[in-house]
1. Which condition number does Glu364 fail, the rest of (1) assigned to a strand (DSSP E or B); (2) exposed (fewer than 15 other Cβ atoms within 10 Å of the Cβ) being met?
2. Here's a check for you: in segment 416-437, which residue that is assigned to a loop (DSSP other than H, G, I, E, B) and among the small types (Gly, Ala, Ser) is surrounded by the fewest Cβ atoms within 10 Å (Cβ to Cβ)?
3. Any residue at all in segment 368-376 that is in a strand (DSSP E or B), free of Cβ contacts under 8 Å to residues at least 60 places away in the same chain and of a type in the set (Asp, Glu)?
4. When you check Gln181 against the structure, is it assigned to a strand (DSSP E or B), modelled with pLDDT under 85 and closer than 26 Å to Gly336 by Cβ, yes or no?
5. Take the residues in segment 82-131 that are closer than 25 Å to Ser213 by Cβ and charged (D, E, K, R), then tell me which one is surrounded by the fewest Cβ atoms within 10 Å (Cβ to Cβ).
6. For segment 327-350, how many residues are under 15 Å from Asp288 (Cα atoms) and among the polar types (S, T, N, Q)?
7. If I filter segment 228-246 for residues that are of a type in the set (Ser, Thr, Tyr), buried (at least 20 other Cβ atoms within 10 Å of the Cβ) and farther than 24 Å from Leu111 by Cβ, do I get at least one hit?
8. Tell me, which residue of segment 67-81 that is part of a strand (DSSP E or B), free of Cβ contacts under 8 Å to residues at least 40 places away in the same chain and of a type outside the set (A, V, I, L, M) is surrounded by the most Cβ atoms within 10 Å (Cβ to Cβ)?
Amino acid sequence: MTRTTLQKLAAAAAALCMMSVCTGCGNTGSSTPSADTPEQSSEPPAEPQVFTENITGTQDGYDYELWKDEGTTSFTVDPTGGTFSCEWSDINNALFRRGKKYDCTMTYPELGNITVDYGVDYQPVGNSYMCVYGWTREPLIEYYIVESWGSWRPPGAPFAIGTVTVDGAVYDIYKTTRYEQPSIDDTQTFDQYWSVRRTKPQGDGTKLEGTISVSKHFDAWKKCGLELGKMYEVALTIEGYQSQGKATVYKNDLNVGGTYAEATDIEVTVDEEAIAKLASTETGTPEDVGFFETSFENGTEGWIPRGGSIVMTDSDNASDGSQSLFVSGRTDYWNGATVMLSSDTYKAGESYHFKAKVMQKSGEDITMKMTLQYDLDGEKYDQIALEPAPNGEWITLENLAYMIPEGAENLQLYVESPDSLTDFYVDEVSGGERADG
């Protein structure tokens, strides 16, 4: 396929996509897409364009997008090819990307073979990814092929479900779920698929070069039971999360076309036990709860994993009754168990009584914490209760009159440990009217 033809096809695909919802994105990590459509740019003149706020556009056959929820960003789009540079600081989540957007009518085999040849001078300070990123619809899937990262290797899941050896490297394959989070189709529960390189690529100092055979990763995911839908986007992406840094993408050759054939030159391992374990923890789409008293006698009762953790009922440990909620597989302190709170019941600017019994068996004393996550000019987190937790003892996390901040939306109550990755148990948790003691 000639470059001219590719550019025409890309421009047509981008135009069709602009009529759909074009939004930014982020993990779990994990990152948070915007539910609002960013400002869109028509074909800019043939000179570098510098953007500091959310933008989508097309230049020289490549779509580009900057999405952030807050903070300082600079995104320079070069006039030719798919190259760009970016800087970020004081951000919560920001994504800079350049690739192709599609009209969600074709699957990846129907598009043909997809590869990206990249050259990136990558200088993150803190949590960041350098990856191929995108979405599909039917089903709605957010996906990452992570080539390098900053201080934290994503996605924070407790175990991989397989591996793929491709392009001379080994990648772990993960599936994670985002519960009631913004997406390209408003707020939904959706799955994320991941290929994450086991070791960062070596380069000339901070300069990294290589090839990502995108279709071959998709083929490997399919062998692990991870089916993609119709293609919305493929883009070389730099993402920053609560960090700072800069990157210059000096090579970004996205090649799409030819006759697709399932890859025979990759090595895929599938961990059937891990897949079965993952399936056993899935809870479906959670519903917002009003005032509640939960003892987990009838299952997880609306509580879901936060981060890469696993939640399930446990019949061997309970503060009262016969069961509790067991939280395991935590790979970061903020991982835990969460429940969505109904904004019809829990009103911003008013106070409520929250309480939970918690126990841990790490063999040492740690700290347990109850937190509220909410949206208010980006994601915010408030401590509701914090208590020391001796090994093997049930303790109580309680706040008689926690006030929900004015303007807060999308409320999530969760339990975590801010200084330990230990497993823990939750029981007799409740949220009700203010109790002044």
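The values are calculated or read from the model by the stated rules, or taken from the named source; none is laboratory data. This structure is a prediction, so every number in the text was calculated from the model and none was measured. No Cβ is skipped: glycine too gets one built from the backbone with ideal geometry, and neighbour counts run over all protein chains shown.
1. In the conditions (1) assigned to a strand (DSSP E or B); (2) exposed (fewer than 15 other Cβ atoms within 10 Å of the Cβ), Glu364 misses (1) alone.
2. Per the criteria, the residue is Gly437.
3. The first filter runs over segment 368-376 and keeps only residues in a strand (DSSP E or B), leaving 368-375.
Checking the rest, the ones that are also free of Cβ contacts under 8 Å to residues at least 60 places away in the same chain come to 368-375.
Right, trim to of a type in the set (Asp, Glu) and you get 375.
The answer is yes, given that some residue of segment 368-376 is in a strand (DSSP E or B), free of Cβ contacts under 8 Å to residues at least 60 places away in the same chain and of a type in the set (Asp, Glu).
4. On the way: assigned to a strand (DSSP E or B): yes; modelled with pLDDT under 85: yes; closer than 26 Å to Gly336 by Cβ: yes.
Criteria met by Gln181.
5. Filtering segment 82-131 for residues that are closer than 25 Å to Ser213 by Cβ and charged (D, E, K, R), the one surrounded by the fewest Cβ atoms within 10 Å (Cβ to Cβ) comes out as Glu110.
6. Number satisfying all stated conditions: 4.
7. Yes, segment 228-246 contains at least one residue that is of a type in the set (Ser, Thr, Tyr), buried (at least 20 other Cβ atoms within 10 Å of the Cβ) and farther than 24 Å from Leu111 by Cβ.
8. Phe75
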